Every structure is written in C-alpha cells, then in structure tokens.
Amino acid sequence: MAGIPTITLNDGVTIPQLGFGVFQVPDADTQAAVATALEAGYRSIDTAAVYGNEAGVGRAIAASGLLRDEVFVTTKLWVSDLGRTRARDALRRSLDKLGLDRVDLYLIHWPAPATDAYLEAWQTLEELQAEKLTRAIGVSNFLPEHLDRVAALGGTVPAVNQIELHPALQNRETVAANQAHGIATEAWSPFAQGAVLGEPAVVAAAGAHGVTPAQVVLRWHLQQGRIVIPKSVTPSRIAANLDVFGFELSTEELAAIDALENDGRTGPHPARYNG
C-alpha cells in the first residue's frame, strides 16, 4: 500500500490509514482527481452513492493498471435506500457504476433516526457481506445510541464509524463508543473545511517541522490512530497530503491541537439529520 500504514478492522480486513475522499467532486472531474491520487500513491478511495461520482472513481481505477486487490474502495448507502430490499438494490447500482464486482467497505451513510430503517439496512449489509459483495461493513455519522442499537441486534459489529472529526470537533463521546465496541474511527472533513488550518497551534507546529498546516492536522489524526480521508482536486495538495510520514508531532503539540475543541461542527447533526 505504497508505504501507507494500515489499520486492521475488527473483522480482520485491513484498510490504509490514509485515503482519498471525493466528496463534492463532480463526476466529470473525479476520474482525473482519483487518477492523480492513485499515481501519487494513495490506495484507498472513499466515495458514496449520493456524491454522484462513483462512475468517475471506477473509470480511474480501471485506467490505473492497478490490480483490483491493490485499491481499497469504500462507498455508502444513502438515506433514501435504507431498509432491506432497497439497500440490496442500492449496492448493486453502486457496483455497476464503479465497474466492480465488490467493494471493500460499505457504510450506512447516516442513521436517519426518524425512520429507524438503519436497523433493517444493517441486517441487509450483513447479508451482502456474507455474499462477498463487500469485504467489510460499517456505518457513518452514527452516535453512541445508534451504535448501541446496532450492537443489540446481536450480529456483526460495524468495522468502521466514519464521522466528522477535526481539531474543532473531536467527537470524543462517539470516539469512546467506537473504542468500546471495537469499531475503527474514520474522520471526514479532517480540516473542518480549512477552518482549523490558521489556528496558532497548527501554524506553530507546521513551522517547527517545516511542513504545511494541513500536513500537521493529518499527522495529528494519524498519531491518534484514526483513519483519515482528505480531499483535494489540486495535484500539489493531493501529493502533499500523502507526504506526512517523515515527521512526528510531540506530546505537547498534540495536546495544543487537542485544546482547539470548540464544538465546531461543519455538517449536519446526526441526531437531527434525516436526509
């Protein structure tokens, strides 16, 4: 995996700790962005049905010359497809767009708690995993109470919970719940859409190590054991976001960035968002 550390999930599947996200990248631009990422050395691509760019991801993988097992592909089940039959059909559509016979990780994108349909959908994901249409299954934006209800079904525990997580919103209660259930934490919006890159603690660490603020924030995520999926369409930034393994933040630098928590959510709140 191009020297990128891996995380072993609770089902034995390994995922690169640093991947490439394509949220808000138009499908017409996705193939070029993913091709650039793969050429730079990324081996994990994160997309979703609702992004509308699974086809672009698939085209880039097909054109890369890489073997299927060399690229870890994540996609997600959208809220309107929660439920037993819809979830199965949704993964089939995603696979068709990606041009793949399986994905490596399939996530329920949001719990949409007003419907309670995420519980039925989870049981379908278990079936899809058993049928080898996805290697691992997980969730996204689930709060502790949602995780507890899935665990109470008595079946498979999610391998991953992908949540908004950055220095301004560290989601500590959810991270603790993930750890309690043996679920890996994956961070989306790792830079708070750029809002944390000018923070003095981040800028100071960047200066001390001769790196960029974005590289500091990625290093902060990695040193705390999280999976992280930065997004960019700029080739220089795509490459720079991968170049984060030649330095290490000190305990003091980590603590200074930890102190930036201010409930600075950039996306919807999972308890209230229903699609």
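Output the number of the condition that LEU222 fails; it satisfies all remaining conditions of (1) closer than 14 Å to PHE191 by Cα; (2) touching a helix residue (DSSP H, G or I) at 6+ places or on another chain (Cβ under 7 Å); (3) assigned to a helix (DSSP H, G or I).
It fails just one condition, (2).
Return the pair list, or none, for Cβ contacts closer than 6 Å from residues in the stretch 162-180 that are among the acidic types (Asp, Glu) to residues that are surrounded by 19 or more Cβ atoms within 10 Å (Cβ to Cβ), at least 6 apart or on different chains.
GLU164/TRP188; GLU164/SER189
Does any residue of the stretch 135-149 turn out to be at pLDDT 95 or above, surrounded by 16 or more Cβ atoms within 10 Å (Cβ to Cβ), more than 28 Å from PRO230 (Cα to Cα) and of a type outside the set (S, T, N, Q)? Full working, then the answer.
Applying the first criterion (at pLDDT 95 or above) to the stretch 135-149 yields 135-149.
Imposing the further condition that a residue be surrounded by 16 or more Cβ atoms within 10 Å (Cβ to Cβ) reduces the set to 135-144, 146-147, 149.
If we keep only those that are more than 28 Å from PRO230 (Cα to Cα) too, we end up with 149.
Of the ones still in play, those that are also of a type outside the set (S, T, N, Q) are 149.
Yes; the residues of the stretch 135-149 include at least one that is at pLDDT 95 or above, surrounded by 16 or more Cβ atoms within 10 Å (Cβ to Cβ), more than 28 Å from PRO230 (Cα to Cα) and of a type outside the set (S, T, N, Q).
Filter the stretch 140-195 down to the residues that are aliphatic (A, V, I, L, M) and touching a Phe, Trp or Tyr at 6+ places or on another chain (Cβ under 8 Å), then identify the one that is farthest from ALA121 (Cα to Cα).
Only one residue tops the list, namely LEU165.
Could you check how many residues of the stretch 151-170 are part of a loop (DSSP other than H, G, I, E, B), of a type in the set (S, T, N, Q) and either in contact with a helix residue (DSSP H, G or I) (Cβ under 6 Å, 6 or more places away or on another chain) or buried (at least 22 other Cβ atoms within 10 Å of the Cβ) (or both)?
Final tally of qualifying residues: 1.
Within the stretch 192-208, identify whether any single residue is at negative phi, over 18 Å from the mean Cα position of the chain (by Cα), crowded, with 16+ Cβ neighbours inside 10 Å and of a type in the set (Asp, Glu), and answer yes or no.
Yes, the stretch 192-208 contains at least one residue that is at negative phi, over 18 Å from the mean Cα position of the chain (by Cα), crowded, with 16+ Cβ neighbours inside 10 Å and of a type in the set (Asp, Glu).
Which one of ALA255, ALA271 is at pLDDT 95 or above and either in a helix (DSSP H, G or I) or surrounded by 15 or more Cβ atoms within 10 Å (Cβ to Cβ) (or both)? Working first, answer last.
Numbers: ALA271 fails: either in a helix (DSSP H, G or I) or surrounded by 15 or more Cβ atoms within 10 Å (Cβ to Cβ) (or both).
Exactly one of ALA255, ALA271 is at pLDDT 95 or above and either in a helix (DSSP H, G or I) or surrounded by 15 or more Cβ atoms within 10 Å (Cβ to Cβ) (or both), namely ALA255.
Residues of the stretch 171-217 being assigned to a helix (DSSP H, G or I), within 25 Å of LEU143 (Cβ to Cβ) and not β-branched (Val, Ile, Thr), which ones?
ARG172, GLU173, ALA176, ALA177, ASN178, GLN179, ALA180, HIS181, listed by residue number.
Given the criteria part of a loop (DSSP other than H, G, I, E, B), on the phi > 0 side of the Ramachandran plot and either surrounded by fewer than 19 Cβ atoms within 10 Å (Cβ to Cβ) or of a type in the set (Ser, Thr, Tyr) (or both), does GLY246 qualify?
Criteria not met by GLY246.
Please go through the stretch 18-37 and give me each residue that is surrounded by fewer than 22 Cβ atoms within 10 Å (Cβ to Cβ) and either over 21 Å from THR234 (Cβ atoms) or more than 13 Å from the chain's Cα centre (by Cα) (or both), ordered by number.
Answer for the stretch 18-37, where residues must be surrounded by fewer than 22 Cβ atoms within 10 Å (Cβ to Cβ) and either over 21 Å from THR234 (Cβ atoms) or more than 13 Å from the chain's Cα centre (by Cα) (or both): GLN24, PRO26, ASP27, ALA28, ASP29, GLN31, ALA32, ALA35, THR36.
Going by the structure shown, is ILE227 within 25 Å of ALA37 (Cα to Cα), among the β-branched types (Val, Ile, Thr) and within 18 Å of the chain's Cα centre (by Cα)?
The answer is yes for ILE227.
Quick check on THR36: is it closer than 30 Å to ASP243 by Cβ, touching a residue at least 40 places away in the same chain (Cβ under 8 Å) and part of a helix (DSSP H, G or I)?
yes
Which residue pairs have Cβ atoms closer than 9 Å, lie 6 or more positions apart in sequence or on different chains, and pair a first residue in the stretch 1-28 that is free of Cβ contacts under 8 Å to residues at least 12 places away in the same chain with a second residue that is exposed (fewer than 14 other Cβ atoms within 10 Å of the Cβ) and part of a strand (DSSP E or B)?
THR14/THR8
Note down all Cβ pairs under 6 Å where the first residue falls in the stretch 92-116 and is touching a residue at least 12 places away in the same chain (Cβ under 8 Å) and of a type in the set (Phe, Trp, Tyr), the second is surrounded by 21 or more Cβ atoms within 10 Å (Cβ to Cβ) and part of a strand (DSSP E or B), and they're at least six residues apart or on different chains.
Taking only residues 6 or more apart or on different chains, the pairs are TYR106/THR134; TYR106/ILE137.
Any idea which residue in the stretch 144-160 is nearest to GLU173 (Cα to Cα), counting only those that are β-branched (Val, Ile, Thr) and within 18 Å of the chain's Cα centre (by Cα)? Show your work before the answer.
Of the residues in the stretch 144-160, the ones β-branched (Val, Ile, Thr) are 150, 156-157, 160.
In the following step, the residues that additionally are within 18 Å of the chain's Cα centre (by Cα) were identified as 157, 160.
Values: VAL157: 18, VAL160: 16 Å.
If we take residues in the stretch 144-160 being β-branched (Val, Ile, Thr) and within 18 Å of the chain's Cα centre (by Cα), then VAL160 is nearest to GLU173 (Cα to Cα).
The values are calculated or read from the model by the stated rules, or taken from the named source; none is laboratory data. Since this is a predicted model, take the numbers as computed values, not measurements. Here the Cβ is made from the backbone with ideal geometry for all residues, glycine too, and neighbour counts use every protein chain on show.
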